[in-house]
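See structure below.
The values are calculated or read from the model by the stated rules, or taken from the named source; none is laboratory data. Every value quoted in this text rests on a predicted model; they were computed, and no experiment measured them. Glycine also receives a Cβ, built like all others from the backbone with ideal geometry; neighbour counts cover every protein chain displayed.
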Amino acid sequence: MRVFEGLYYVKRNTAMHRLDPRAKLVYVLCITILSTAVFHTALPMIMLFISVIPLAVEGRVLRRLLSTLRGGAMLAAFIFIFNFIGRLWNIGFVSPSSPEFLEALMPSLAMALRFLTLIATFSIFFLTTSPDDFAQALVQMRLPYDYALTFTMAMRFIPTLAREAQIVADAQKSRGLELEKGGFMQRIRNYIPILVPLIVSSFRRAETIADAMESRAFGASKKRSFLYMLRFKLSDTLFSAICIAITAAIIWLRLSSFLPP
Amino acid sequence: MIEVQDLWFRYPESDYVLKGISLEVPRQSYVAILGENGAGKTTLVKHFNGLLKPTRGKVLVCGLDTREHSVASLARRVGLVFQNPDHQLFANTVYEEVAFALKNFGFPEEEVKRRVEAILAELELDRYRDRSPFLLSMGERKRVALASVLCYEPDVLVLDEPTTGQDHKQKEKLAELLQRLVDKGKTVVVVTHDVEFVADHIPISIILSRGQIRGQGKTLELLSNEDLLAETFLFPPQLTAILWKLSKLGLHPAPSVEEVVEAMLQARRQSP
C-alpha cells in the first residue's frame, strides 16, 4: 500500500503546488522521454533520478516521495533480478569477472533505475497537484469531462477503500479468521472473506453514487460550465519552456554523441 | 469479565481517541455504551477482542491481557458484531456465512450443522438458508451478521449499533433475544446512540464523549441528568423530556407511560 502514498495530494503552498498541472505534465513528459527513448544505461538514469530531488524538496514532499520509493523498491528489485537472470540466460552463465557479466548487469540496473525515476516523477506530479486541478487540466486539454471525473473519483476513493479494507479485515478476524494460517495456497484463500465484501460494497457504493449524481442532474446539459478555470501564467510558460529547452539540448548532445546512451 | 484500566489509545500520527478510560463489565451484566458520533465507542469495543491494542493502559478479558493474546483466541470469548453487515458478508449462502466462524474455531461438522440450523430458526432466517446473503434486505443482512457471531456462543457479546435499519418489531425481537442471552448467563454490551432503545431495555449505561467516560451507572438516572445529556450531545428519551416539561408545570408523575398520561390529562384540566 506504501506505493499509493505517493499518489495522495498533499496540500501545501509552494511554487511546485502553484504551477499549472499542464506545466507539470510537460515536465513529466520530458523526463519520460529522456528516461525511456533517449537513454538506456545506468549512469544517465542516475543523473535523471537525482534531478527529480530538488523539485521534491521545493514542493516539501521529499518524505512522502521517499516512502513511495521504499514501496517501489521491491518492484524495482524484481525488475532488476528478472532482467539480470534473463540476460544471463541468453549469454549462458558466465563468471562475474568477465566483461559479459557486466554487460548483463548494467542494463538490468538501468531498467530498475528507469522504473524508480518514472515513479519519482509521477509521484511528484500527484503529490503537488490536487485531483480537482488535474481533472480540470484534462478537461481544458479537451478530454471529455466524464473521463476526467472518473479519474478524480478513482483517486478520491483510494483512501476510503483502504479504510474499508481495514474494517472488513477486523470484522473477519473477529469471527476467527487467521490470515497467517495454513500453507501458501491456504493463505491466499484466507483473503477471500476480505476481498468479497470489499468488492461487493464497492459495487454497491458505485451504484449509490451514480444515483446520487443523476438526482443532482449530472449530465443534464451537454455543455458544462466550470466554477474555476486554470490559467497558464507567465511562470508556467517559463517552467515549461525551460523543461523543453533542457530536454532538447540533452537530446541534441546525445545525438551528437557528447553524452553516453 | 472485561476490565479496562486507564486505557489511552491513538492511531498512528493522530491525537488520542481514547483518553484514560477505566471501566469494568462484570459477568452476566447488560450494558449500553452511549455517545455522540466520533466519541470513541467503536474504538473502545475494538479493544475488547484485541483488534486494537492499548497505546497506554491495559485491557483484561476474562483475566487475559489483550496485548498477549491473538484476536482469534480472544474472539472465541468475545463476539463482536460490526455495525455494517456488508463489511463481513461474503459467502454464497446464508448457511455458509453463519457457519464461517464455527469452522474457523474448529467445531466438528455435525455441531456446525446443528448450531447453524438452531440460530437461523431463532432469528427467523431459516427460509433464507440457501439464499445469497447479498440479496437480503438491510435488516435481514444485519440479522445474518448477528447470527454468524451468536452461533458460537461467546461469553461476551458486543453489538455495534444493532438497531439501525431495524423496524420497531425487529428492535423488540432483538431486545427479547438479548435479554434471553443475559438470563442464560451471557454478558451483553450494546454500542449505540439509540437512546430510546437503551432507556427501554438496558439497565446499565456508560456515556462516552470525546474519548472520555462522562457517566456510568443506572441508565434511567443517567438519562434523566439534564446537564450530562447536554454536555454529551445526547437527547433524552421522549418520556424523560415529557417529564421535564411536566415538572416545569409543577407536576411530578412517576416515569411510566400511564402515570405520565394521567398527569398530562390533569395539566389539561387545569389550563383554562
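A few remarks follow.
- Complete set of residues in the stretch B:239-258 that are among the acidic types (Asp, Glu) and surrounded by 14 or more Cβ atoms within 10 Å (Cβ to Cβ): none
- Breaking point among (1) among the hydroxyl-bearing types (Ser, Thr, Tyr); (2) more than 30 Å from A:Pro197 (Cα to Cα); (3) in a helix (DSSP H, G or I), for A:Ser97: (3)
- Subset of the stretch A:208-243 that is small (Gly, Ala, Ser) and part of a helix (DSSP H, G or I) - its residue that is nearest to A:Tyr145 (Cα to Cα): A:Ala210
- The lone exception for B:Asn84 - which of (1) surrounded by fewer than 22 Cβ atoms within 10 Å (Cβ to Cβ); (2) touching a strand residue (DSSP E or B) at 6+ places or on another chain (Cβ under 7 Å); (3) under 29 Å from A:Ser202 (Cβ atoms); (4) not hydrophobic (A, V, I, L, M, F, W, C) it fails: (2)
- Counting only helices (runs of 4 or more DSSP H) that sit wholly inside the stretch B:50-158, those with at least 1 residues that are touching a Pro at 6+ places or on another chain (Cβ under 8 Å) and away from every other protein chain (no Cβ under 14 Å) are B:94-104.
- Counted residues, the stretch A:68-112 - those being closer than 23 Å to A:Ser35 by Cα and of a type outside the set (Val, Ile, Thr): 27
- B:Phe233 fulfils the conditions (1) touching a Leu at 6+ places or on another chain (Cβ under 9 Å); (2) in contact (Cβ under 8 Å) with a residue 40 or more places away in the chain except for a single criterion, (1).
- Qualifying residue in the stretch A:143-159 (condition: buried (at least 17 other Cβ atoms within 10 Å of the Cβ), part of a helix (DSSP H, G or I) and either in contact (Cβ under 8 Å) with a residue 60 or more places away in the chain or more than 23 Å from the chain's Cα centre (by Cα) (or both)): yes
- With respect to the conditions (1) surrounded by fewer than 19 Cβ atoms within 10 Å (Cβ to Cβ); (2) within 14 Å of chain A (Cβ to nearest Cβ); (3) over 24 Å from A:Ser201 (Cβ atoms), B:Tyr11 falls short on a single one, namely (3).
- Hits in the stretch B:92-114 - residues which are closer than 26 Å to B:Phe48 by Cα and buried (at least 20 other Cβ atoms within 10 Å of the Cβ): B:Glu97, B:Val98, B:Ala99, B:Phe100, B:Ala101, B:Leu102, B:Asn104, B:Val112
- Any hit, the stretch A:179-186, residues being closer than 30 Å to B:Val149 by Cβ, away from every other protein chain (no Cβ under 14 Å), part of a helix (DSSP H, G or I) and over 29 Å from the mean Cα position of the chain (by Cα): yes
- Residue match in the stretch B:249-257 (condition: among the β-branched types (Val, Ile, Thr), modelled with pLDDT under 85, part of a helix (DSSP H, G or I) and not assigned by TED's automatic domain parsing to the domain that holds B:Leu177): yes
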